[in-house]
Structures are given as C-alpha cells and as structure tokens.
C-alpha cells in the first residue's frame, strides 16, 4: 500500500473518531444547560394583605378586657396597628395585643422580606415591646422596645420559610410584666409589606 492511501485512511479513521466522540458528548451539554432552566421554573410568589379588618386581620388582647378604658388607641392605622391605650386596672402580668393575619402561603427554602415603619411613644413607667411573628416564630430583626429609646424609624426583617403551606403573620405588642403601673408606653407600626427577597 502506498503512502497517500495510508494517509487517506488515517484521515478517515480520525474523522470517525471525532464524530463518534462528538455524538457522545452532545447530550451531556444539553443536560448541563437544561438544569438551570428547570430550577428557574420554581418561582417564589407572595400575596400579602396589609393589616386591616377588611383584609381579614383580627386583634386579640390578653387578658381580654384589660384595655377597655377610653384613653389612647388600639386600632388599625395606615397598613399597620397602634397601641397607646393604657391598662385600665392594676395588673402585674404581661399584657399582649396580638393582631393576626388570615392564612398566607409560604414556600419552603425561600426568603421573605418584611418592611415597616415605627414610632415609639415613651408615655409612662410601663414599657412595651413589639415583635413580628410568622406562625408564632419571631422574625429576626423585627424586635422593638420602648425602653431602648423613643423615636421613629424603619425596619427590614428577613424570614426564611422552612416548610411550604399557609401560615399566619402576627403583630405582637407586649406590655412589660412585673409592674402594676397602669400608665404605659406605646408603639405604632405602619406601612407593613412583605415580598419575596431578591
């Protein structure tokens, strides 16, 4: 066999090897690019009703009749809630006002950003705290305390869902325990929103 024939056959063999290799590697490239598209098909969704009685939020005071006086407020306000009403009797236990949302859908593994404005009123010797809860769990970064300092500001608090399903969101106002003082501080929370974190 002469040299040109050997070269021609060698070239044919090399081309076949390259085509065979390309045929086997092409599907791997398709799988690698398909994975991100599959992950992107699961999107975070959030439908959050601002606090109001019309949106199905409901307040609950414990003990039940402790704030039945006429001074101060405890009511919905500007997409939030305000508690400035003093207890109407001497009581040294914790007093809570919890304002709870209707069920809201959360998806496991996603982060949700809550934002709100606040105003703290230092009006009496009995201090007050505030926490934002999701299914009874305090959202990190949401805590306020009138004993720290009165004033105004904004809060961003991040909640990570560990399970998928419907959960309730609560605004929890707590009067300091251990004192029978009926004059207390107050807190206003307004403009509460929630959205899927970027």
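The values are calculated or read from the model by the stated rules, or taken from the named source; none is laboratory data. Fair warning: this is a prediction, and the values are worked out from it, not measured in the lab. Please note: Cβ atoms are built from the backbone with ideal geometry, for glycine as well, and neighbour counts cover all protein chains shown.
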| task | Could you tell me which numbered condition residue 140 fails, if it satisfies all but one of (1) in contact with a strand residue (DSSP E or B) (Cβ under 9 Å, 6 or more places away or on another chain); (2) closer than 20 Å to residue 186 by Cα; (3) without any contact (Cβ under 8 Å) to a residue 24 or more places away in the chain; (4) part of a loop (DSSP other than H, G, I, E, B)? | result | (2)
| Residue identified as at positive phi, in a loop (DSSP other than H, G, I, E, B) and either out of contact with any strand residue (DSSP E or B) (no Cβ under 8 Å at 6 or more places or on another chain) or surrounded by fewer than 18 Cβ atoms within 10 Å (Cβ to Cβ) (or both) among 79, 64 | 79
| query | Based on what the data block shows, is residue 177 more than 14 Å from residue 106 (Cβ to Cβ) and surrounded by 14 or more Cβ atoms within 10 Å (Cβ to Cβ)? | reply | no
| remark: Picking from 170, 163, the residue that is touching a strand residue (DSSP E or B) at 6+ places or on another chain (Cβ under 9 Å), assigned by TED's automatic domain parsing to the domain that holds residue 131 and over 23 Å from residue 61 (Cα atoms) would be 163
| said: I need the full set of residues from the stretch 106-117 which are in a strand (DSSP E or B) and within 11 Å of the chain's Cα centre (by Cα), in order please. | reply: 106, 111, 112, 113, 114, 115
| query | What is the one condition in (1) assigned to a strand (DSSP E or B); (2) within 18 Å of residue 57 (Cβ to Cβ) that residue 154 does not satisfy? | reply | (2)
| request: Take residue 123 and decide whether it is surrounded by fewer than 22 Cβ atoms within 10 Å (Cβ to Cβ), assigned to a loop (DSSP other than H, G, I, E, B) and more than 13 Å from the chain's Cα centre (by Cα). | output: yes
| query | Is one or more of the residues making up the stretch 144-154 more than 22 Å from residue 121 (Cα to Cα) and either in contact with a strand residue (DSSP E or B) (Cβ under 7 Å, 6 or more places away or on another chain) or touching a residue at least 12 places away in the same chain (Cβ under 8 Å) (or both)? | reply | no
